[in-house]
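Since every read-out is calculated from the coordinates, none of them should be taken as a lab result. Just so you know, these numbers come straight off a predicted model, no measurement behind them. No Cβ is skipped: glycine too gets one built from the backbone with ideal geometry, and neighbour counts run over all protein chains shown.
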Amino acid sequence: MNKIKFLGTAGARFVVSKQLRKSGGIWLTLDGTNVLIDPGPGSLVRCISSKPKLDPIDLDGIILSHRHLDHSNDINVMIEAMTNGGFKKKGVVFAPAEALEDDPVILKYVRKYVEKIEVLKEKGTYKIGNISFDTPVKHSHHDVETYGFNIYGKGISISIITDAEYQEGLESYYKGDILIINTVMLKEKENIQHISVQDAEKIISINKPKLAILTHFGMTLIKAKPWEIAEDFTKKLGVKVIAASDGMEVDLDSNQFI
């Protein structure tokens with residue numbers, strides 16, 4: 001089954017540190033290829049405790065959007081788990097240069113466990129297993145090197161707008177059939193470089209994806225009940241919008257979720 005599994009939906013440091021929502025990232029299975037995106041704190045535990053269990057050995061690769069801990073904390077242990085403790089050299093890790101250079105979040109000793117490490121760049125195109133993806137634009141309005149993704153399977157495209165301060169035209173880079181938006185804030189705040197509910201509404205209203213998924217919630221958004229916001233968007237915009245929950249699985253073959 002082609003699926004997206006939300007191992008966690010926490011965004012912003014307080015939600016992560018208090019574990020008001022889990023923070024394990026996203027597991028994607030598409031066309032026989034398994035990819036883990038942004039393995040934040042608890043990613044390994046969330047994989048092993050998932051029902052059914054997600055075995056990291058089945059991963060073909062790991063993609064890191066940026067070096068912040070809520071996205072990268074478990075990347076080293078997931079590399080070890082993917083490679084059977086380093087005894088089975090396999091997989092590809094994709095990450096921005098900042099995650100690999102000075103003060104790296106990907107430790108040097110685990111890098112030799114994988115077949116290849118590819119450095120993400122603006123307008124880059126990449127292939128892993130039976131799928132491909134691109135990084136159409138650098139999210140310059142985030143305080144570390146950050147990229148979102150357009151992922152392409154045989155009959156579907158998935159866009160992920162990761163952390164960013166909304167800038168005019170951002171939506172034009174992410175035209176996937178399924179659109180996942182890291183929606184941290186209920187309302188815009190000055191000097192907080194994240195997408196708000198208002199920003200997400202604008203993006204969805206312009207792009208009109210087949211399915212939009214809100215995730216990566218901050219404290220104010222959790223208190224505002226994101227599932228109710230998603231329901232309101234669905235009625236208002238004429239697009240199916242859902243708010244991800246920890247452990248939620250989306251069947252990409254039917255767009256059904258549990």
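Key figures
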{"item": "Between 0 and 90°, nearest 10: helix 226-237 axis offset from the chain longest Cα axis", "result": "60"}
{"item": "Segment SER17-PHE257, length gained on full extension (0.36 nm per residue, minus Cα span)", "result": "83.7 nm"}
{"item": "Protection proxy ranking of 17-25, 2-10 - average other beta-carbon atoms within 10 Å, highest first", "result": "2-10, 17-25"}
{"item": "Convex hull volume per residue in cubic angstrom - Cα atoms of the stretch 3-245", "result": "116"}
{"item": "Cα gyration tensor, the stretch 131-256 - rounded (a/c under 1.5), prolate or oblate", "result": "oblate"}
{"item": "Above-threshold pairs, the threshold being 28 Å between Cα atoms, out of LYS51/LYS90; LYS18/LYS116; LYS5/LYS138", "result": "LYS18/LYS116"}
{"item": "Taking the chain and dividing mean pair separation by its residue count, relative contact order in percent (alpha carbons under 8 Å, at least six apart)", "result": "17"}
{"item": "Helical contribution to [θ] at 222 nm, DSSP H n ≥ 4, -39,500 (n - 2.57), averaged over the chain, rounded to 500", "result": "-5500 deg cm²/dmol"}
{"item": "Cβ-based charge dipole, the chain, positive-most Cα from VAL184, ALA81, LEU20", "result": "ALA81"}
{"item": "Where labels lie 7 Å past Cα in the beta-carbon direction, separation of GLU228 and TYR173 in nm", "result": "3.4"}
{"item": "Prolate/oblate/rounded call for the stretch 97-204, Cα gyration tensor, a/c under 1.5 rounded", "result": "oblate"}
{"item": "Which of GLU171, GLU228 has the fewest Cβ neighbours within 10 Å, and the rest in rising order", "result": "GLU228, GLU171"}
{"item": "Burial ordering of TRP27, TRP227, fewest other beta-carbon atoms within 10 Å first", "result": "TRP227, TRP27"}
{"item": "Among 38-44, 250-256, 131-137, the order from most to least packed when residues are scored by Cβ within 10 Å on average", "result": "38-44, 131-137, 250-256"}
{"item": "Per-residue ³J(HN,Hα) for the stretch 56-64, Karplus 6.51 cos²θ - 1.76 cosθ + 1.60, θ = phi - 60°, Hz, x for Gly and Pro", "result": "x, 4, 7, 5, 9, x, 10, 10, 10"}
{"item": "Protection proxy ranking of 66-72, 163-169, 122-128 - average other beta-carbon atoms within 10 Å, highest first", "result": "66-72, 163-169, 122-128"}
{"item": "Using alpha-carbon coordinates, inclination of helix 197-207 to the longest axis of the chain, degrees", "result": "90"}
{"item": "Antiparallel bridge percentage (DSSP; both residues within the stretch 3-245; nearest 5)", "result": "45"}
{"item": "Greater than 20 Å apart at Cα, pairs in LYS89/LYS121; LYS127/LYS154; LYS22/LYS210; LYS88/LYS112", "result": "LYS89/LYS121; LYS22/LYS210"}
